[in-house]
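First up is the structure itself, then whatever we jot down about it.
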Amino acid sequence: MKILHLDTNHPLLIDQLTEAGFHNEEDYTSSKTEVEAKIANYDGIVIRSRFAIDQSFLGNAKNLKFIGRVGAGLENIDTDYAAKKGIQLFNAPEGNRNAVGEHALGMILSLFNKLNQANQSVRDGKWLREEHRGIELDGKTVGIIGYGNMGRAFARKLRGFTVEVICYDIKNDVENSDATQVELEELFEKTDVLSLHTPETPQTIGMINKAFIDKFKKPFWLINTARGKSVVTEDLVDALQNKQILGAGLDVLEYEKSSFENLFTSKKEMPEALQALMQLDNVLLSPHVAGWTVESKEKLAQTIVDKIKAQFC
Ligand SMILES: O=C(O)[C@H](O)COP(=O)(O)O
């Protein structure tokens with residue numbers, strides 16, 4: 001079988017697939033149109049998120065039998081159309097869920113202890129202890145929205161803390177886990193820290209907006225290591241300014257372009273809401289790297305190799 005690799009990954013991916021008898025080709029630079037022109041020659045593709053694998057792409061992929069997505073999110077793939085064409089889909093949330101869980105926890109502890117500001121202040125030669133008095137996670141209630149691979153991995157990280165962990169998921173299958181499944185009403189009532197672990201779908205885009213934030217019964221902290229489009233930035237800024245939200249740790253942004261492009265070339269291009277967000281002291285930002293660790297790079301590649309081999313060898 002001929003596989004085309006469209007994004008760079010850990011070398012074990014191509015090494016092990018070659019060993020297993022697959023013919024592998026790499027193309028990390030051609031445009032989508034150029035790839036579409038030759039895609040009929042391949043039985044499989046392995047991608048991260050460089051291209052939208054849409055109907056036009058899949059329409060040209062006459063012989064495609066599988067898509068390996070070296071990551072969790074599938075929003076760049078027309079999964080319904082792929083299924084209709086009988087193309088199998090392999091993704092790899094098992095490979096980066098631990099990294100996401102650790103990053104989300106790290107963001108909470110950093111925000112609670114004002115580490116970002118403290119670090120800058122010490123570097124500026126200051127020794128401001130009262131200003132950097134932190135708060136503890138102990139005794140708080142952590143609410144999780146989305147209890148799949150990522151939400152569960154994050155909940156597992158909380159085992160060592162004396163916290164109540166509650167979760168809301170559209171699926172009703174949370175038994176024997178590290179969190180108690182609740183209805184949204186209870187989550188609004190109890191949550192001190194809200195962590196999002198939902199995929200990007202029509203239902204989750206714009207989910208965290210003013211109406212949703214207004215339902216919380218007390219001020220809370222927001223952590224988003226999932227997808228930027230779930231949060232309406234303008235409404236988040238308002239909630240941070242009026243202290244409905246006490247702080248936010250955001251690994252993803254509504255306005256991020258793709259994994260490969262800078263946010264904006266100049267400040268002037270930046271939407272006002274994003275500029276306002278960046279002025280706020282109680283916001284901690286990272287460039288979509290929660291699932292992007294040295295270890296996850298290897299685990300993601302291994303997961304995809306194992307899934308392809310299990311199906312085709
Ligand atoms: O979906 C994922 O696994 C992460 O968000 C990483 O996505 P990326 O491969 O597009 O960087």
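The values are calculated or read from the model by the stated rules, or taken from the named source; none is laboratory data. The structure displayed is predicted, hence computed values, not measured ones. With ideal geometry, Cβ positions are generated from the backbone for all residues, glycine too; neighbour counts draw on all protein chains shown. Keep in mind that these areas ignore ligands, DNA and RNA; they rest on the heavy atoms of the full protein, side chains included. Shrake-Rupley method; radii C 1.70, N 1.55, O 1.52, S 1.80 Å.
What is the set of long-range amide H partners of Lys65 at a cut-off below 5 Å, with H atoms built 1.01 Å from backbone N?
Gly44
With unit charges on the beta carbon (Lys/Arg positive, Asp/Glu negative), name the residue among Leu137, Phe154, Val122 whose Cα is farthest towards the positive pole of the charge dipole of the stretch 120-160.
After comparing all options, I get Phe154.
In debye, nearest 20: dipole of the stretch 186-313 around its Cα centre with unit charges on the Cβ of K, R (+) and D, E (-)?
The calculation lands at about 220 debye.
At 10 °C and 1.306 mPa s, what whole-number value in µm²/s does Stokes-Einstein give for the translational diffusion of the stretch 2-91, with Rh from the Kirkwood sum over Cα pairs?
D = 122 µm²/s.
Give me the net charge for the shell around Thr79: Cβ to Cβ below 15 angstrom, other residues only, Lys and Arg +1, Asp and Glu -1.
Combined, the nearby Lys, Arg, Asp and Glu give -2.
Multiply the residue gap between Thr79 and Tyr28 by 0.36 nm, knock off their C-alpha separation, and tell me the result in nm, one decimal place.
Net length gain for the segment: 16.1 nm.
Find out how many positive minus negative residues lie around Arg69, taking Lys and Arg as positive, Asp and Glu as negative, among other residues whose Cβ is under 12 Å from that of Arg69.
Taking every Cβ under 12 Å from that of Arg69, the sum is +1.
Can you give the accessible area per residue of the chain, in Å², using a 1.4 Å probe?
Here the per-residue accessible area is 51 Å².
Which value, in Å³ per residue, describes the convex hull spanned by the Cα atoms of the chain?
Normalising the Cα hull of the chain by residue number yields 158 Å³.
Of the accessible area of the chain, with the probe set at 1.4 angstrom, what percent is carbon plus sulfur?
Carbon-and-sulfur percentage of accessible area, whole number: 48.
Out of residues 5 or more away from Leu194 or on other chains, whose amide H comes under 5 Å of its own, with H placed 1.01 Å from N in the peptide plane?
Sorted by chain and number, the residues that satisfy this are Gly143, Trp221, Leu222, Ile223.
With each run of n ≥ 4 DSSP H residues scored as -39500 (n - 2.57), what mean residue ellipticity at 222 nm is computed for the chain after dividing by its residue count and rounding to the nearest 500 deg cm²/dmol?
-10000 deg cm²/dmol
Can you tell me how much longer the chain between Lys2 and Gln88 gets when fully stretched, taken as 0.36 nm per residue apart minus their C-alpha distance, in nm with one decimal?
Between Lys2 and Gln88, full extension yields an extra 29.5 nm.
Charges at C-beta only: +1 for Lys and Arg, -1 for Asp and Glu. How large is the resulting dipole of the stretch 97-285 about its Cα centre, in Debye rounded to 20?
Roughly 440 debye, rounded to the nearest 20.
Expressed as a whole number of Å, what is the distance separating the alpha-carbon centroids of the stretch 262-307 and the stretch 144-187?
24
Which of the residue pairs Lys2/Lys307; Lys65/Lys257; Lys229/Lys257 have a Cα-Cα distance greater than 19 Å in the structure shown?
Lys65/Lys257
Enumerate the helices in the chain for which the Kyte-Doolittle hydropathy averages 0.0 or more and the C-alpha atoms extend at least 18 Å along the helix's axis, using complete DSSP H runs.
The qualifying helices are 93-112.
Taking the Cα centre of the stretch 2-91 as origin, sum charge times position over the Cβ atoms of Lys and Arg (+1) and Asp and Glu (-1), and report the length of that vector in debye to the nearest 20.
Dipole magnitude for the stretch 2-91 comes out near 260 debye.
What whole-number distance in Å separates the alpha-carbon centres of the stretch 1-28 and the stretch 57-119?
So the separation of the two Cα centres works out to 19 Å.
Quick one: net charge of Arg227's neighbours, Cβ under 13 Å, K/R +1, D/E -1?
-4
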